[in-house]
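Just so it is clear, none of the values below were taken in a lab; they were calculated from the coordinates. These numbers come from a predicted model, not from an experiment. Using ideal geometry, Cβ is built from the backbone for each residue, glycine included, and neighbour counts are taken over all protein chains shown.
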Ligand code: GLY
């Protein structure tokens with residue numbers, strides 16, 4: 001078996017890359033489970049560089065850039081597959097329940113406005129006008145019209161169909177064990193006892209990248225468990241994404257309201273816990289007491305892949321033909337189209353945007369050797 005490019009990992013990142021490279025290249029996508037069933041499937045789908053960021057920086061710039069690619073990305077997917085991924089551009093409201101939280105929102109508004117972004121500070125009355133069913137006694141809020149959302153499971157469905165239509169060879173239940181190389185160049189991937197040959201390998205294996213042998217540099221991803229759930233919302237009680245502390249409420253186009261999310265450092269443990277689900281529900285009811293009567297539809301967990309410095313690793317790695325696209329932590333859905341462009345530039349020897357320097361995979365080798373000094 002031989003392919004031009006082997007993509008390891010069938011989450012949003014791996015599938016977005018695989019479809020972008022096909023059909024010009026013959027692409028094999030290896031997924032240990034079924035495509036799109038892990039962290040990407042668990043995501044709420046907020047496309048929120050502004051409400052997620054504490055400060056300006058490379059990750060923030062990357063998020064803005066990737067978000068700007070979303071309208072084109074989703075309309076191409078819709079034209080190609082017929083799947084509407086429910087892209088919504090109705091903004092995100094962040095709430096402050098006390099003076100310290102309001103000071104934090106003012107600080108965010110100030111630095112974001114300084115660089116020309118829209119971030120509207122609201123008093124309690126203005127928050128109530130925007131979201132009348134909230135019951136949290138909000139000191140105020142910050143509205144980010146530029147933050148958007150998408151429905152991840154639809155997006156994953158569209159990406160998988162697109163991969164099929166473009167002739168990507170998608171292999172489920174195919175856990176890559178090792179990247180094979182000789183004389184500093186990639187030769188392929190081993191799955192169990194089977195060797196699959198190809199001159200380029202793109203590792204998009206999320207939290208499982210650290211168990212892959214043969215990587216140069218080695219990757220130490222940490223799974224960060226998110227517990228999350230959905231409720232049935234009988235009417236339009238919550239109109240847009242609303243965030244408060246670590247909580248978010250995300251209304252879908254049908255009657256679903258997503259409530260997320262915990263962020264836990266507990267290895268590969270996938271359990272839902274009383275504290276996790278209870279905390280989400282208590283927080284959601286404080287935000288809008290009507291939520292207490294909404295039926296619970298589904299609860300689930302996902303493992304976000306986090307690298308030691310919290311940044312993704314995207315681009316050329318330490319073997320000829322080896323590329324990384326991993327470690328997207330809380331932002332895999334948002335960063336998918338931007339990641340495709342960085343990987344494509346690396347494969348074709350084109351210049352990448354300046355911020356991509358911060359995500360160089362080779363920094364992982366430097367931090368390991370610095371730790372050992
Ligand atoms: N991006 C939101 C989360 O990871 O929970």
Listing of strands (runs of 3 or more DSSP E) fully contained in the range 290-363 that carry 1 or more residues being within 16 Å of the ligand (Cβ to nearest atom) and touching a helix residue (DSSP H, G or I) at 6+ places or on another chain (Cβ under 7 Å) = 296-306, 322-326
Might you check whether a residue that is farther than 20 Å from residue 326 by Cα, within 16 Å of the ligand (Cβ to nearest atom) and not in a loop (DSSP other than H, G, I, E, B) occurs anywhere in the range 205-218?
-> no
Being out of contact with any strand residue (DSSP E or B) (no Cβ under 6 Å at 6 or more places or on another chain) and either surrounded by fewer than 17 Cβ atoms within 10 Å (Cβ to Cβ) or over 15 Å from residue 315 (Cα atoms) (or both) is the filter here, so list the residues in the range 213-233 that pass it.
-> 218, 220
Over the range 219-237, the set of residues closer than 30 Å to residue 322 by Cβ and outside any strand (DSSP E or B) is 219, 220, 221
What is the one condition in (1) in contact with a strand residue (DSSP E or B) (Cβ under 7 Å, 6 or more places away or on another chain); (2) touching a residue at least 60 places away in the same chain (Cβ under 8 Å); (3) closer than 16 Å to residue 244 by Cα that residue 49 does not satisfy?
-> (1)
Any idea how many residues of the range 246-257 are in contact (Cβ under 8 Å) with a residue 40 or more places away in the chain, closer than 25 Å to residue 222 by Cα and either out of contact with any strand residue (DSSP E or B) (no Cβ under 6 Å at 6 or more places or on another chain) or more than 10 Å from the ligand (Cβ to nearest atom) (or both)?
-> 1
Has the range 69-85 got at least one residue that is in contact (Cβ under 8 Å) with a residue 60 or more places away in the chain, in a helix (DSSP H, G or I), under 19 Å from the mean Cα position of the chain (by Cα) and within 16 Å of the ligand (Cβ to nearest atom)?
-> yes
